[in-house]
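The values are calculated or read from the model by the stated rules, or taken from the named source; none is laboratory data. Computed from a predicted structure; not experimentally measured. Methodologically, a virtual Cβ is constructed for each residue, glycine included, from the backbone with ideal geometry; neighbour enumeration extends over all protein chains shown. Remember, those area values only see protein heavy atoms, side chains included, never the ligands or the DNA or RNA. Shrake-Rupley method; radii C 1.70, N 1.55, O 1.52, S 1.80 Å.
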Amino acid sequence: PELKVAVSMGAEICVYDAYLIPWLPADAEDPLDRPFAGYIRETRARRNEATARGDKTTDTFYKLMANSIYGKVSQGISSTKKSRNPRTGVSEKMPPCAVTCPYTASFITGLVRATVSEILMNLPPHVRVLNLITDGICCSAGVAEMDAATKGPIATYFRSLEVIANDKDDLLEI
């Protein structure tokens, strides 16, 4: 996804090495036939319920549960990253776990970065961007301008995943 956005922005890409990672197609009859889709949908639903009740503690709990999937998929990939072991109090390298998958972790990271980059690229020139983080942009764009910026191909694909995970066809939280 990142290369597609880079090329659409005018970057010239020279590929020195590439790997094709075969993916099994998802079952068109069952959109939850994707790794972690059921888990993400359940944690998002419970988080939304907590938010509606004004229960910040439970909301935060389910946010951490949903976000921990990425942490487990990427656990043990880095040769230098260490985490504090609560049993020993010592920082040590985390070993891979049962769901560690560098290719999936890379795809998740790349898709999120590509989506935010594409949205940023599609904002009108007069919009001032104050801050850009992993899952948000703080800027002077109006709602219609932000909505228009989320119509690119990468954001459209990301939105389709949001529909599966959250029954929500909107990338914007204003």
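How many residues does the range 14-46 contain that are hydrophobic (A, V, I, L, M, F, W, C), at pLDDT 85 or above and open to solvent by 80 Å² or more (accessible area, probe 1.4 Å)? Break it down into steps so the answer makes sense when it comes.
Step one: list which residues in the range 14-46 are hydrophobic (A, V, I, L, M, F, W, C), which gives 14-15, 18, 20-21, 23-24, 26, 28, 32, 36-37, 40, 45.
Next, from what is left, pick out any that are at pLDDT 85 or above: 14-15, 18, 40, 45.
Next, from what is left, pick out any that are open to solvent by 80 Å² or more (accessible area, probe 1.4 Å): 14-15.
Of the residues in the range 14-46, 2 are hydrophobic (A, V, I, L, M, F, W, C), at pLDDT 85 or above and open to solvent by 80 Å² or more (accessible area, probe 1.4 Å).
Residues GLY89, GLY76, GLY152: which one is over 30 Å from GLU49 (Cα atoms) and either aliphatic (A, V, I, L, M) or crowded, with 16+ Cβ neighbours inside 10 Å (or both)? Give the steps one after another, and end with the answer.
Details: GLY89 fails: either aliphatic (A, V, I, L, M) or crowded, with 16+ Cβ neighbours inside 10 Å (or both); GLY76 fails: either aliphatic (A, V, I, L, M) or crowded, with 16+ Cβ neighbours inside 10 Å (or both).
Only one candidate qualifies: GLY152.
Would you mind stating whether PRO95 is at pLDDT below 90 and part of a loop (DSSP other than H, G, I, E, B)?
On the way: at pLDDT below 90: yes; part of a loop (DSSP other than H, G, I, E, B): yes.
Yes.
Give the range 122-137 a look and list any residue that's open to solvent by 70 Å² or more (accessible area, probe 1.4 Å) and either among the hydrophobic types (A, V, I, L, M, F, W, C) or part of a loop (DSSP other than H, G, I, E, B) (or both), or say none.
If we filter the range 122-137 for residues that are open to solvent by 70 Å² or more (accessible area, probe 1.4 Å), which is where we start, we get 125-126, 128, 130-135.
Those that are open to solvent by 70 Å² or more (accessible area, probe 1.4 Å) and either among the hydrophobic types (A, V, I, L, M, F, W, C) or part of a loop (DSSP other than H, G, I, E, B) (or both): PRO125, HIS126, ARG128, LEU130, LEU132, ILE133, THR134, ASP135.
Condition (residue is without any contact (Cβ under 8 Å) to a residue 12 or more places away in the chain, of a type in the set (D, E, K, R) and within 19 Å of LEU161 (Cβ to Cβ)) applied to the range 39-60: is it met by at least one residue?
Scanning the range 39-60 turns up at least one residue that is without any contact (Cβ under 8 Å) to a residue 12 or more places away in the chain, of a type in the set (D, E, K, R) and within 19 Å of LEU161 (Cβ to Cβ).
Examine the range 102-117 for a residue that is farther than 22 Å from SER74 by Cα, aliphatic (A, V, I, L, M), modelled with pLDDT of 90 or more and open to solvent by less than 30 Å² (accessible area, probe 1.4 Å), and state whether such a residue exists.
No: zero hits.
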